[in-house]
Structures are given as C-alpha cells and as structure tokens.
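Since the structure comes first, as structure tokens, the remarks are kept for the end.
The values are calculated or read from the model by the stated rules, or taken from the named source; none is laboratory data. Because the structure is a prediction, the values reported are computed rather than measured. So basically every Cβ, Gly included, is an ideal-geometry build from the backbone, and we count neighbours across all protein chains shown.
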Amino acid sequence: MTMTASVKALGIVDYLTTWTQMREFVATREPTTVDEIWLLQHPPVYTLGLAGKREHLLAPGTIPVLETDRGGQVTYHGPGQLIAYLLLDLKRLGIGPRELVRRIEDSVIAVLAGLGVTGDRRAGAPGVYVGPAKVAALGLRIRQGYSYHGVALNVAMDLEPFTRINPCGYPGLTVTSLAALGILVPLEQLGEALATALIDSLYPLSASRLVPADNNCLPAKSLL
C-alpha cells in the first residue's frame with residue numbers, strides 16, 4: 001500500500017465547525033482511512049490551547065475566544081492566514097509527535113526558501129521564524145496515534161490582533177507575515193506549495209501523488 005494524503009481546499013470556514021469536523025474524522029477513521037490535509041482560513045478568532053492561560057489574552061476586544069484541545073498557548077487566526085490541518089495516522093507513518101513537528105517546520109521552511117525567505121526554528125518554541133519574528137505557529141493534538149490541528153502561516157493578514165495577546169505565551173514576541181516581509185503571493189498558490197512540501201516530507205517513499213477527496217480538493221495536476 002502506497003501511503004499518501006488527500007488534500008482539501010476549504011476556503012474561509014468557521015473555527016468551531018472545523019474543529020468539530022476534525023474530531024469526528026479522527027473518531028471514525030479506520031486503519032485503512034487515507035490521511036487528509038485541510039487547507040483553509042478562519043474568520044477572526046483567538047484560540048487557547050490545553051496549556052493556555054487567560055493572562056496571555058491582553059485585550060481581545062470583540063474577537064471571539066475559544067478554548068480548544070490543541071497543544072500550546074494562545075494564538076490568533078484570521079483571513080489572510082494559511083492554515084494546514086493534518087489528519088494523519090502517525091502509527092502508519094512510523095513517526096512520533098516530535099518528528100511530526102520537525103517535518104512540518106521543515107516543510108514551511110522549504111516553502112519560504114522557495115520565495116527567497118530564510119526561515120528557521122527555535123529549540124523549545126515550535127514554529128517557524130524569520131529573524132526575531134514568528135511567521136508560522138504550530139499546535140497539534142494526538143489521539144490514539146492520530147493527529148489533528150496543524151500549522152498556521154501568516155501570508156497577508158491584519159497583524160494588529162497579535163498585539164492584543166502574548167503570542168504563544170511569549171510576552172513581546174514579534175509576529176510577521178509574508179506581506180510584511182514584502183512577499184506577495186496568492187494564498188491559493190502558497191497552499192499548493194505547502195501541500196506539496198508536506199507530502200514530500202511526510203511520505204518520502206511514496207509517489208508524492210495527492211489523492212482527490214471531493215469537489216473541494218485542489219486540482220491534482222497542480223499538486224504533483
């Protein structure tokens with residue numbers, strides 16, 4: 001059996017609805033279920049991870065705050081941010097949570113390199129950084145060997161809401177985006193690049209073909 005993943009492009013979707021759908025997918029999947037990667041954006045929302053402390057919510061204002069089951073502290077999601085949710089069978093992949101984080105970070109760093117941007121990681125602080133600023137945040141949940149949640153890459157979004165929190169629980173952490181770095185790329189195009197990088201990193205021995213899931217999927221020919 002050649003391992004691969006199905007990729008869905010969902011557009012802008014409600015956080016709570018998507019979170020519910022992820023949990024339902026994990027709860028009902030079987031050993032033969034094909035892994036899925038969901039590419040999407042969320043309307044403005046702050047989310048608190050399992051370790052989240054409300055003291056890191058400085059002035060959320062009218063932006064909704066949701067407590068969720070991913071790892072990590074507080075972060076912000078909004079239009080113009082590319083999110084990839086990874087619904088994977090880690091047992092079948094033969095990797096653990098730390099290796100999954102590394103491969104996700106490697107994928108984002110590879111996409112940035114293709115745009116001429118140098119990204120790196122920090123020990124003990126998952127995510128991808130450009131200089132001192134964070135450009136991509138990670139938050140995962142592993143349940144019975146299955147992962148969900150994923151990575152959020154700031155593409156061309158309003159960064160002001162990040163000033164109302166301590167991003168990822170770090171006071172004073174600077175957050176940036178590709179647009180703020182002078183890189184203007186259509187979000188859909190970036191989604192294709194990130195999906196391809198994730199597939200290549202997660203399934204290095206496969207043919208790297210992305211399996212269509214439904215009519216919301218990205219065109220297969222654009223993902224090869």
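Can you tell me which condition ASP158 does not meet? The list is (1) under 21 Å from HIS56 (Cα atoms); (2) in contact with a strand residue (DSSP E or B) (Cβ under 7 Å, 6 or more places away or on another chain); (3) modelled with pLDDT of 95 or more, and all the others hold.
(2)
Could you grab the pairs with beta carbons closer than 8 Å, sequence gap of 6+ or different chains, first residue in the stretch 107-130 and closer than 19 Å to GLU192 by Cα, second one assigned to a strand (DSSP E or B) and among the small types (Gly, Ala, Ser)?
So the pair list comes out as VAL108/ALA136; GLY119/ALA136; VAL128/ALA136.
Does VAL211 meet the test of being β-branched (Val, Ile, Thr) and at pLDDT 90 or above?
On the way: β-branched (Val, Ile, Thr): yes; at pLDDT 90 or above: no.
No; evaluated as a whole, the condition is false for this residue.
Given the options GLN73, GLN81, name the one that is within 13 Å of ALA152 (Cα to Cα) and touching a residue at least 40 places away in the same chain (Cβ under 8 Å).
Numbers: GLN73 fails: within 13 Å of ALA152 (Cα to Cα).
One residue alone meets the criteria, GLN81.
If you check GLY182, GLY145, which single one turns out to be closer than 24 Å to PRO204 by Cβ and at pLDDT 95 or above?
The conditions single out GLY145.
ALA156: in a loop (DSSP other than H, G, I, E, B) and either surrounded by fewer than 22 Cβ atoms within 10 Å (Cβ to Cβ) or free of Cβ contacts under 8 Å to residues at least 60 places away in the same chain (or both), yes or no?
Taking the combined requirement at face value, the residue satisfies it.
Could you run through the stretch 47-82 and say how many residues are basic (Lys, Arg) and surrounded by 16 or more Cβ atoms within 10 Å (Cβ to Cβ)?
The number of residues fulfilling the criteria is 1.
Specify which of the listed residues (THR196, THR176, THR163) is closer than 20 Å to LYS8 by Cα and polar (S, T, N, Q). Steps first, answer last, please.
Working: THR176 fails: closer than 20 Å to LYS8 by Cα; THR163 fails: closer than 20 Å to LYS8 by Cα.
After applying the criteria, what remains is THR196.
If only one of ASP35, ASP14 is charged (D, E, K, R), under 22 Å from GLU188 (Cβ atoms) and surrounded by 21 or more Cβ atoms within 10 Å (Cβ to Cβ), which one is it?
Only one candidate qualifies: ASP35.
Which residues, counting only those in the stretch 17-32, are over 15 Å from the mean Cα position of the chain (by Cα), of a type in the set (A, V, I, L, M) and surrounded by 15 or more Cβ atoms within 10 Å (Cβ to Cβ)?
Going residue by residue through the stretch 17-32, those that are over 15 Å from the mean Cα position of the chain (by Cα) are 17, 20-21, 23-32.
From what is left, the residues that are of a type in the set (A, V, I, L, M) are 26-27.
VAL26, the sole residue that qualifies.
For the stretch 1-68, which strands (runs of 3 or more DSSP E) that fit wholly inside it have 3 or more residues that are at pLDDT below 95 and either of a type in the set (Asp, Glu) or out of contact with any Ser or Thr (no Cβ under 8 Å at 6 or more places or on another chain) (or both)?
No strands (runs of 3 or more DSSP E) qualify here.
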